Amino acid sequence: MIHFTKVYSKQQIADVSILAQEIWQEHYLHIIGQDQIDYMLKKFQSVQAIKTQLSDGYEYYSIFYYECHIGYISFISNMDDASLMISKLYVKKLNRGSGIGEQMLRFAEALCLQRKIKKIWLTVNKYNKDSIAWYLKMGFTNKGPIVQDIGGGFAMDDLLMEKYIRS
């Protein structure tokens, strides 16, 4: 039903960037506003930004439901502290609530087990109430606020979430 495809090619990178624009416009407008969306898409989800992230060790996977590109996940492993940081986990609005996000998280957890990684962590905007509730339901713990200056006069005002992986 769904399948994961590792992102490598120029076309795959472009497809993720296009999907990011669609998802972010729909999901974040009421949370962070258009100016910050535009800035963050350029800084973190443009074709060039994704290429740079891939060369820095991030992994991206596109998620397909049958043949429709409906989401993507990105993460980076840190073997020094046996952790995996989920940088992006996004699903189109039409496909939310169908268990696909949970399958994406289970995919990341399975990779953690293979790599002997003990902890997954991520940050989520503190006003993104639905996502916070979902992560808590998925077994994450809220470790408190974290504010990061991202340049351009913008900051990410987030919560740090952690989940320990049981082998």
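The values are calculated or read from the model by the stated rules, or taken from the named source; none is laboratory data. The structure displayed is predicted, hence computed values, not measured ones. Every residue, glycine as well, gets a Cβ built from its backbone with ideal geometry; the counts of neighbours run over all protein chains shown.
In the stretch 84-100, of all residues being modelled with pLDDT under 95 and out of contact with any Gly (no Cβ under 8 Å at 6 or more places or on another chain), the one that is nearest to residue 165 (Cα to Cα) corresponds to 99.
Inspect all residues belonging to the stretch 8-22 and state whether any of them is of a type in the set (Val, Ile, Thr), under 23 Å from residue 115 (Cβ atoms), modelled with pLDDT of 95 or more and assigned to a strand (DSSP E or B). Scanning the stretch 8-22 turns up no residue that is of a type in the set (Val, Ile, Thr), under 23 Å from residue 115 (Cβ atoms), modelled with pLDDT of 95 or more and assigned to a strand (DSSP E or B). Only a single item in (1) over 25 Å from residue 167 (Cα atoms); (2) crowded, with 17+ Cβ neighbours inside 10 Å is not met by residue 59, and it is number (1). Could you check the stretch 103-129 and list, in sequence order, the residues that are closer than 15 Å to residue 143 by Cβ and of a type in the set (Val, Ile, Thr)? Those that are closer than 15 Å to residue 143 by Cβ and of a type in the set (Val, Ile, Thr): 120, 123, 124.
What number of residues in the stretch 137-162 are within 23 Å of residue 82 (Cβ to Cβ), among the aliphatic types (A, V, I, L, M) and loosely packed, with under 15 Cβ neighbours inside 10 Å? Matching residues across the stretch 137-162 total 1. Filtered by the rule that a residue be over 14 Å from residue 90 (Cβ atoms) and not charged (D, E, K, R), the stretch 27-48 gives 29, 30, 32, 33, 34, 36, 39, 46, 47, 48. For the residues 100, 117, 86, 165, the requirement of being of a type outside the set (D, E, K, R), surrounded by 12 or more Cβ atoms within 10 Å (Cβ to Cβ) and in contact (Cβ under 8 Å) with a residue 60 or more places away in the chain singles out 100.
Each residue in the stretch 120-135 was checked for being under 21 Å from residue 61 (Cα atoms) and touching a residue at least 12 places away in the same chain (Cβ under 8 Å), and 7 of them qualify. Residue count for the stretch 1-40 satisfying the condition of being crowded, with 18+ Cβ neighbours inside 10 Å, out of contact with any helix residue (DSSP H, G or I) (no Cβ under 6 Å at 6 or more places or on another chain) and either over 16 Å from residue 73 (Cβ atoms) or without any contact (Cβ under 8 Å) to a residue 24 or more places away in the chain (or both): 3.
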